[in-house]
1. What's the total number of residues in the stretch 95-136 that are of a type outside the set (Lys, Arg) and without any contact (Cβ under 8 Å) to a residue 12 or more places away in the chain?
2. With the condition kept exactly as written, say whether any residue in the stretch 144-166 is under 53 Å from the mean Cα position of the chain (by Cα), within 22 Å of residue 29 (Cβ to Cβ) and at pLDDT 80 or above.
3. Being of a type in the set (A, V, I, L, M, F, W, C) and either under 22 Å from residue 55 (Cβ atoms) or more than 18 Å from the chain's Cα centre (by Cα) (or both) is the filter here; which residues of the stretch 99-140 pass it?
4. Looking at the stretch 23-70, which of its residues are touching a residue at least 24 places away in the same chain (Cβ under 8 Å) and within 18 Å of residue 103 (Cβ to Cβ)?
Amino acid sequence: MQVFRKFSRSVSAQVELLLTQIENQEASVSAAIHGLERGASRIRAQRLASERQIAQLRRGIEQAREQVATWKQRALGLRHDRETALECVRRMDHAEQQAKTLSQRLETEEQLQVRVAADLTAVEVQLQELRQRRATLISREARAEACSNVTDGDDIALVFERWEARIEQHEAQCPSTAQPVDSFAARFDQADEAARLNRALDRLFTEEDA
C-alpha cells in the first residue's frame, strides 16, 4: 500500500506539473514576447549609437578635409618661405591621413548600421507575428471557454436537480414540528368564536336602535 501511495503521489505531481504547464502557456508566450521586446530595445539603442557615431565621423571627415584645404592654401602662399611651406604640407598630409582613417571607420560603421537595421527588422517582424498569434489564441480560447460554459448548462441543471433532490430527501427524514389537532377542543373553540361574534353583532344593533 505504501508503494502504491508513493506511486499515486508521483502521478498526481506529474499531472499537476502538466496542468501548470498548460495553464502557463499564455504566460510563457508573453515572457518570450517580453524577451524579444527587450532585445529589440537593445538593438534600437545600438542603432541610435551607430547613427550618432556616423554623424560624428562625418563631421570629423569634413573638418579634416577643411584642414587639408586650409594647409594646402597656406603652403601655396608661402613660396618664399620653403621651411614654413613644408610644415604646412606636413600638416596637410596629417589631415589627409586623418580624413582617410575616419572614412574607413565610417565605412565600417555604416556596414554595421545596415546589419543592425536588418536585425531590428527581423526582430520586429517576429514580434508582430507573435503578438498577432497571441491575440488570436487568446480570442479563440475566450470564445471556446464561453461556448463550453453554454454547453455545460444542461450539466449545471442536472447538478441543481440532484442538489434539490438531496435536500428534499433530508427534509423528508426530519420529524414534523406541527402540533396535532385536538378536534374535540376545536369544536369548543369554534362555538366560543361564534358566540363572541353574535354578541358583537347584537351590540351594533342596540347602538343603532338607540
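The values are calculated or read from the model by the stated rules, or taken from the named source; none is laboratory data. These numbers were taken from a predicted model, which means no experiment stands behind them. Neighbour counts are summed over all protein chains in view; Cβ atoms, including those assigned to glycine, are modelled from backbone coordinates with ideal geometry.
1. Of the residues in that region, 16 qualify.
2. Among the residues of the stretch 144-166, at least one is under 53 Å from the mean Cα position of the chain (by Cα), within 22 Å of residue 29 (Cβ to Cβ) and at pLDDT 80 or above, which makes the answer yes.
3. Step one: list which residues in the stretch 99-140 are of a type in the set (A, V, I, L, M, F, W, C), which gives 99, 102, 106, 112, 114, 116-118, 120, 122-123, 125, 127, 130, 135, 137-138.
Once the filter is applied, which keeps residues that are of a type in the set (A, V, I, L, M, F, W, C) and either under 22 Å from residue 55 (Cβ atoms) or more than 18 Å from the chain's Cα centre (by Cα) (or both), the stretch 99-140 yields 99, 102, 106, 112, 114, 116, 117, 118, 120, 122, 123, 125.
4. 50, 51, 53, 54, 57, 58, 60, 61, 64, 65, 67, 68
Residue-wise test of (1) part of a helix (DSSP H, G or I); (2) of a type outside the set (Ser, Thr, Tyr); (3) in contact with a Lys or Arg (Cβ under 9 Å, 6 or more places away or on another chain); (4) surrounded by fewer than 11 Cβ atoms within 10 Å (Cβ to Cβ).
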| position | (1), (2), (3), (4) |
| --- | --- |
| 83 | yes, yes, no, yes |
| 92 | yes, yes, yes, no |
| 96 | yes, yes, yes, no |
| 123 | yes, yes, no, no |
| 136 | yes, no, no, yes |
| 147 | yes, yes, no, yes |
